[in-house]
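Undergrad: The following block contains the structure, expressed as structure tokens.
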Amino acid sequence: MNRAGRWASLLVAAGSFQLISCIDGREEVWIEPNGSGRAEIRYSLPARAVQMKGGDAAVLAMIRDYIQSTPEISESTCEVRTEGDRTQIRVTTQFDSALDLKNAAQGTGMKSLPPSAVSLAGVVDAKLAGRTLDFSRTIRPGDALPGSSFLPASAFAGHRLDYIIHLPGVPSGHNATRTEDGGRTLIWESPLAEAIRTPIVTRFRMDIPIPWKWISIIGAGLGFLALLATLFLRRLKPSRP
């Protein structure tokens with residue numbers, strides 16, 4: 001390759017590195033006692049990166065196609081808006097079961113997304129033993145941002161990825177950066193410079209509260225059993241002469 005060709009390659013590489021070093025993300029999930037919930041996902045990235053994918057309309061269509069092919073998501077809204085040199089992506093969703101999100105993260109709809117989006121979605125592992133839920137999610141931003149490992153940490157200064165989960169109760173264990181709301185809100189704060197070099201793992205364990213509807217059913221059942229026991233004991237009681 002001649003000198004002009006090498007300079008052109010370096011300029012392309014420099015431009016690509018500039019794009020991948022300017023992403024910010026915030027994902028927030030609320031889980032209700034019955035296992036349902038909602039989520040709000042926000043990403044901010046360079047407008048040029050979105051233009052390379054076809055622009056706002058193309059990215060919006062891609063996200064909507066994924067949502068429509070994911071039955072675990074019951075309702076959703078999506079917005080892609082470019083202002084100046086930044087594009088803001090905002091997605092809100094609702095789900096009937098938090099455990100079903102594991103299927104959503106590994107379902108056929110995920111295969112329609114580009115590899116970078118799949119890497120940011122991560123791999124979810126959720127196990128329920130009795131009433132104890134063990135949840136973990138491994139996110140690999142470095143795989144989503146190819147070439148990022150060659151950049152100095154200063155290139156990512158001021159950019160971060162944050163993950164927040166509002167739980168219906170206090171977990172018995174977690175690896176969150178910090179907590180709020182008496183321990184029920186878990187927050188993982190990851191500077192982008194660290195996130196691209198080391199996978200982000202969000203993990204917690206907690207006992208699942210029994211939904212109120214099941215409490216009422218159990219209460220009614222116990223009341224019925226008490227009534228049967230009372231009648232049975234009355235029958236066993238010897239009659240007076």
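Undergrad: Name the shape class, rounded, prolate or oblate, that the alpha-carbon gyration tensor gives for the range 39-102, where a ≥ b ≥ c are the square roots of its eigenvalues, rounded holds for a/c under 1.5, and otherwise prolate holds if a/b is larger than b/c and oblate otherwise.
TA: Numbers: a/c = 2.96, a/b = 2.13, b/c = 1.39.
Taking the square roots of the gyration eigenvalues as a ≥ b ≥ c, the range 39-102 is prolate.
Undergrad: Sticking with this structure for a sec: If you take every residue apart from residue 169 with its C-beta less than 9 Å away from the C-beta of residue 169, what net charge results, scoring Lys and Arg +1 and Asp and Glu -1?
TA: 0
Undergrad: Something else: Taking the Cβ of residue 187 as the center, what net charge do the other residues with Cβ under 9 Å away carry, scoring Lys and Arg +1 and Asp and Glu -1?
TA: Numbers: positive: 178; negative: 162, 180, 189.
Here the count lands on -2.
Undergrad: Which net charge results when you count Lys and Arg as +1 and Asp and Glu as -1 among the other residues whose beta-carbon is under 12 Å from that of residue 26? Don't skip to the answer; put the middle values down first.
TA: On the way: positive: 42, 90, 160; negative: 24, 27, 28, 40, 162, 189.
For residues surrounding residue 26, the net value is -3.
Undergrad: Set the Förster radius R0 to 45 Å, insert the Cβ-Cβ distance between residue 207 and residue 52 as r into 1/(1 + (r/R0)^6), and round the FRET efficiency to 0.05. Numbers along the way, then the final one.
TA: On the way: r = 46 Å, r/R0 = 1.03.
Efficiency computed from Cβ-Cβ geometry: 0.45.
Undergrad: Let me ask another. Which peptide among 61-67, 165-171, 126-132, 181-187 comes first, and what is the full order, when sorted by highest mean count of other Cβ atoms within 10 Å? Display every interim value, and only then the final one.
TA: On the way: 61-67: 16.4, 165-171: 18.7, 126-132: 10.9, 181-187: 14.9.
In descending order of packing, they fall as 165-171, 61-67, 181-187, 126-132.
No value in this document is a laboratory result; all are computed from the given coordinates. Note that this is a predicted model, so its numbers are computed, not measured. Positions of Cβ are generated from backbone atoms using ideal geometry, with glycine treated the same way; all protein chains shown enter the neighbour counts.
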